[in-house]
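Taking it in order: structure first as structure tokens, then the write-up.
The values are calculated or read from the model by the stated rules, or taken from the named source; none is laboratory data. These numbers come from a predicted model, not from an experiment. Here Cβ is always computed from backbone atoms with ideal geometry, including for glycine, and neighbour counts include all displayed protein chains.
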Amino acid sequence: YHSVDNWKQRLKERELEFKSDQSVHFIGTDEQQTHVIGSCSISNIVRGVMQACHMGYSIAECYQGQGYMKCIVQFAIKYAFEELRLHRIMANHMPANKRSEALLQNLGFEREGVAKSYILINGRWEDHVLNSLINPDQRR
């Protein structure tokens, strides 16, 4: 997973996705810029009448609770709304993930409901809380 060849392949795939307006991936590094500590992706970009995307994010456990994830996600939101001109960002989390829930609430996301058996994770279908953020410059 962390081999150089694997990362080269993943970067090629990410470049193609970016060029075809399918996704954008961001990484956060430590202060010395020597280690990746977290990431955020804007993916499943839908144009036309929807102008929306999904957002996913993760951070190394030792950096959780220190504001780094918020910083990375804020940058991605700004990019999605200002550069991509998207109308809606959807971000979902497992019900037990209270850190993710707090992050999204803090960033202005609104809870829309729960999707049962939403994503297959480690061989189990897991429920997810659905959240969205609407571009404040494009409200109604």
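Just a few scattered comments:
- When Glu112 is tested against (1) surrounded by 13 or more Cβ atoms within 10 Å (Cβ to Cβ); (2) not in a loop (DSSP other than H, G, I, E, B), only condition (1) is not met.
- Among the candidates Ala76, Ala52, Ala115, the residue that is of a type in the set (Gly, Ala, Ser) and touching a Cys at 6+ places or on another chain (Cβ under 6 Å) is uniquely Ala76.
- Inspection of the stretch 117-138 identifies at least one residue that is touching a strand residue (DSSP E or B) at 6+ places or on another chain (Cβ under 8 Å), among the β-branched types (Val, Ile, Thr) and surrounded by 13 or more Cβ atoms within 10 Å (Cβ to Cβ).
- Single residue of Leu130, Leu84, Leu120 found to be out of contact with any Leu (no Cβ under 6 Å at 6 or more places or on another chain), over 27 Å from Glu31 (Cβ atoms) and in contact (Cβ under 8 Å) with a residue 60 or more places away in the chain: Leu84
- Considering residues of the stretch 115-140 that are under 24 Å from Val73 (Cα atoms) and not in a strand (DSSP E or B) only, the residue modelled with the lowest pLDDT: Arg139
- Selection from the stretch 81-96 of residues that are surrounded by 13 or more Cβ atoms within 10 Å (Cβ to Cβ) and not in a helix (DSSP H, G or I): Leu84, Leu86, His87, Arg88, Ile89, Met90, Ala91, Asn92, His93, Met94
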